[in-house]
Amino acid sequence: MFYYGLLIFSAVVASAILILLFFISAPYGRHHRKGWGYTISSKWGWVIMEFPAIVIFVVLFAISDRKAELVPIVLLVLWLAHYVQRDLIFPFFLRTNKRMPVLIMFFGLIFQTSNTYLQARWIYHFANSEAYSTSWLTDSRFIIGVIFFIIGYIINRHSDLVLRELRKPGEKPGYNIPFGGLFKFVSSPNYLGEIIIWIGWGIMVWNWAGLLFIFWTIANLLPRARSHHKWYLDEFPDYPKERKAIIPFLF
Ligand code: NDP
């Protein structure tokens, strides 16, 4: 009851967030502005808000009866491949002096706590024993999901790296037009990669929580990509006209 209640509540909140973010940009990074209360350095904001994604997933795996099974282990490895990078590596390589409102960090923390619980609790405790058995490794949904996950991972990491390299170490952080990779087609390929990662995850776990995670990622990143794109067009008169916000040739 609690699990399904949380799932439905989370879906309702994600729908509201999707609409809200088309009108209000989340106030961090280039969209940071005064009036959102206390702030924390972006680096530590990222570390703190993403941390539950590691701890809760590992704990729910460790206390499950399925920790010696292959597919549950593969899912743990893929999850950690993303979140160890996002939480413990990515923030320390950021070249930004921006601060993040504590409120944003707090929302991120709540989201990571509930989302990670929904993902891991199902896989490791509630799914029946046939789901995620070794035969799932050769199921087309698992294979397609892993392929999406890896492609999204590469696009996301490469694009975040291009953005990082736009600033030299110790340089006063300004903004430049990014080029290379999928920046040829869209302003936010890092967000596109992120969405592809979680579409892959949703396909490979094939449950409601996975579907909800896809929806959450789109709700967060589609409106933000649109805001970034508008910002680039306002800021740079020579910004490439053929570039879209996040979906090549379309949006
Ligand atoms: P951004 O693209 O806004 O910024 C990433 C970093 O690059 C920041 O340090 C930013 O600096 C810098 N940067 C961006 N554009 C430029 C530019 N034109 N010139 C110079 N530097 C630039 O990404 P986010 O911070 O929103 O997200 C970071 C990662 O987290 C992404 O991989 C994203 O996919 C992921 N994410 C995932 C979410 C989810 O729901 N799963 C939600 C949000 C993010 P500055 O901070 O100074 O602007």
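Values quoted throughout were computed directly from the atomic coordinates according to the rules given, and no laboratory measurement underlies them. Given the structure is predicted, the values throughout are model-derived calculations rather than measurements. No Cβ is skipped: glycine too gets one built from the backbone with ideal geometry, and neighbour counts run over all protein chains shown.
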Alpha carbon centroid spacing (whole Å) that separates segment 83-118 from segment 180-251 | 18
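For segment 79-234, what does the relative contact order come out to in percent, with C-alpha contacts under 8 Å and a separation of six or more?
Numbers: 128 pairs, mean separation 41.0, N = 156.
About 26 percent, as a whole number.
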The chain: most fluctuating residue of Ile151, Ile89, Ile218 per GNM, C-alpha cutoff 10 Å | Ile89
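At 0.36 nm per residue, minus the direct Cα-Cα distance, what do Leu250 and Lys172 gain on full extension? Give it in nm, one decimal, please.
Numbers: separation 78, 0.36 × 78 = 28.08 nm, distance 3.45 nm.
Separation in residues times 0.36 nm, less the Cα-Cα distance, equals 24.6 nm.
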Segment 12-81: trypsin sites (Lys or Arg not before Pro) in DSSP loop, at most 14 other beta carbons within 10 Å | Arg33, Lys34, Lys67
Distance from segment 49-73 to segment 141-165 (C-alpha centre basis), Å | 22
On Cα atoms only, tilt of 70-84 relative to the major axis of the chain in degrees | 20
Tilt of helix 42-62 relative to the longest C-alpha principal axis of the chain, in degrees (0 to 90, nearest 10)?
-> 10
Could you sort 200-207, 224-231, 95-102 so that the peptide with the highest average Cβ count within 10 Å comes first and the rest follow in order?
-> 200-207, 224-231, 95-102
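Ranked from highest to lowest mean number of other Cβ atoms within 10 Å per residue, what is the order of the peptides 68-80, 130-142, 107-119?
On the way: 68-80: 16.8, 130-142: 13.8, 107-119: 19.5.
In descending order of packing, they fall as 107-119, 68-80, 130-142.
Report the semi-axes of the equivalent ellipsoid for segment 170-222 in whole Å, largest first, where each axis is √(5λ) for an eigenvalue λ of the Cα gyration tensor.
29, 12, 9
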What angle, in degrees between 0 and 90 and rounded to the nearest 10, separates the Cα long axis of helix 102-121 from the longest principal axis of the Cα atoms of the chain?
-> 30
